[in-house]
1. Pairs needed: first member in region 116-145, more than 26 Å from Arg80 (Cα to Cα); second member anywhere, in a helix (DSSP H, G or I); C-beta distance under 9 Å; at least 6 residues apart or different chains.
2. Specify which of the listed residues (Ala104, Ala82) is over 20 Å from His9 (Cα atoms), of a type outside the set (Val, Ile, Thr) and touching a strand residue (DSSP E or B) at 6+ places or on another chain (Cβ under 9 Å).
3. Kindly provide the set of residues from region 108-126 that are assigned to a helix (DSSP H, G or I) and exposed (fewer than 10 other Cβ atoms within 10 Å of the Cβ), ordered by number.
4. Here are some conditions: (1) at positive phi; (2) in contact with a Gly (Cβ under 9 Å, 6 or more places away or on another chain). Gly24 meets all but one. Which one does it not meet?
5. Restricting the search to region 41-54, which residues are assigned to a loop (DSSP other than H, G, I, E, B) and in contact with a Ser or Thr (Cβ under 6 Å, 6 or more places away or on another chain)?
6. Out of all the residues in region 63-96, which are within 22 Å of Ala118 (Cβ to Cβ) and in a helix (DSSP H, G or I)?
7. Quick one: how many residues across region 39-55 are in contact with a Leu (Cβ under 9 Å, 6 or more places away or on another chain) and surrounded by 10 or more Cβ atoms within 10 Å (Cβ to Cβ)?
8. Report every pair of residues separated by at least 6 positions or lying on different chains whose Cβ atoms are under 6 Å apart, first residue within region 1-29 and farther than 11 Å from Leu100 by Cα and modelled with pLDDT of 95 or more, second polar (S, T, N, Q) and part of a helix (DSSP H, G or I).
Amino acid sequence: MNHTYPTKHITRQLVEETLKQFVGEIQQVPPTYSAVKVNGDRSYALRRAGEEVQLKPKTVRVDEIELTDYNDEEKTASIRVACGKGTYIRSLARDIGRALDSGAYLTALRRTKAGSFAVENCISFDHFQEWLDEQPLEDSLQPSK
């Protein structure tokens, strides 16, 4: 982090209202440290080489965004996002911060669903052998699409 932003004006209600702006199709500029290609080179490679990169906005889709936790003293928030492919959550956090006339960044990110695969249907490594002993593997695998 190399910036300090004002936060005293931010409230739970302001965050909830601001999040509504991000539902639906939105224009989003990917983070410069991303795999987006710029003239055939990956943006992150150009940035690591010290070059400035200007990425163009792209249309992404946010189906749902929900504030699941808010700490007014620390000015931290947890949100749950359901979005279309190609949405950069780091950029979403950045844009939410800007919409709040402040700044924002991720301290954690947990993907809970990818396509038809959801975390609640997964088996942990700790329980995998036990699960495998109970049923044939081929009866339980889903083909990827």
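1. Ser140/Trp131; Ser140/Leu132
2. Values: Ala104 fails: over 20 Å from His9 (Cα atoms).
Unique residue meeting the criteria: Ala82.
3. So in region 108-126, the residues assigned to a helix (DSSP H, G or I) come out as 119-121, 125-126.
Matches in region 108-126: Glu120, Asn121, Phe125, Asp126.
4. (2) is the only condition that Gly24 fails.
5. Taking region 41-54 and keeping what is assigned to a loop (DSSP other than H, G, I, E, B), we get 49-54.
Within region 41-54, just Val53 meets the criteria.
6. First pass over region 63-96, keeping only residues within 22 Å of Ala118 (Cβ to Cβ): 63-69, 78-89, 92.
Selection gives Ile89, Leu92.
7. Residues meeting the conditions: 2.
8. Gln28/Ser91
The values are calculated or read from the model by the stated rules, or taken from the named source; none is laboratory data. Quantities reported herein were computed from a predicted structural model and do not represent experimental measurements. Neighbour counts are summed over all protein chains in view; Cβ atoms, including those assigned to glycine, are modelled from backbone coordinates with ideal geometry.
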